1. For region 52-63, which positions are closer than 18 Å to V75 by Cα and either touching a residue at least 12 places away in the same chain (Cβ under 8 Å) or in contact with a Ser or Thr (Cβ under 8 Å, 6 or more places away or on another chain) (or both)?
2. Being within 17 Å of R77 (Cα to Cα), loosely packed, with under 13 Cβ neighbours inside 10 Å and in contact (Cβ under 8 Å) with a residue 12 or more places away in the chain is the filter here; which residues of region 1-51 pass it?
3. Do any strands (runs of 3 or more DSSP E) entirely within region 1-78 hold 1 or more residues that are of a type outside the set (S, T, Y) and in contact with a Phe, Trp or Tyr (Cβ under 8 Å, 6 or more places away or on another chain), and if so, which?
4. Out of the residues in region 71-86 meeting the condition of being crowded, with 18+ Cβ neighbours inside 10 Å and in contact (Cβ under 8 Å) with a residue 40 or more places away in the chain, tell me which one is farthest from L34 (Cα to Cα).
Amino acid sequence: MELSVSQKKQLRRMAHHLKPVVIIGHKGLSSTVLAAVEEGLGHHELLKVRLGGVERAERDRITASLIEATGAERVQRIGFTVTLYRRNAANPKITLGD
């Protein structure tokens, strides 16, 4: 699902107050971390992930891997924090306009 500009704007507003649920350290993306991201997206649909201790190119690679593995959409990335969204088909919690 490709998010429109207005939908991303809406999700950014909703995510503003959220704290990162998953923190990825210098060891990078592991199966345990991926499982935590999957669980978080399943419960909340909108999730912040902190990418700490790695260079910018590595953050880009980890973000791309997360998106590919989970099927989520990137809402935004600011510095070390990426915001992801994946609609829960069985029980959607967020209603997107537009």
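1. So in region 52-63, the residues closer than 18 Å to V75 by Cα come out as 56, 59-63.
Hits for region 52-63 are R59, I62, T63.
2. E2, S4, S6, K19, G25
3. On the way: elements: 22-24, 46-51, 73-78.
Those strands (runs of 3 or more DSSP E) span 46-51, 73-78.
4. So the first thing to find is which residues in region 71-86 are crowded, with 18+ Cβ neighbours inside 10 Å, and the list is 72, 75, 81-86.
From what's left, in contact (Cβ under 8 Å) with a residue 40 or more places away in the chain: 75, 81, 83-86.
Numbers: V75: 18, T81: 16, T83: 15, L84: 13, Y85: 15, R86: 14 Å.
Restricting to residues being crowded, with 18+ Cβ neighbours inside 10 Å and in contact (Cβ under 8 Å) with a residue 40 or more places away in the chain, the top hit is V75.
Laboratory data are not the source of any read-out in this text; all were calculated from the coordinates shown. Predicted, not measured: the structure shown is a model, and the values here were computed from it. As a convention, Cβ positions derive from the backbone with ideal geometry for all residues, glycine included, and neighbour counts pool all protein chains shown.
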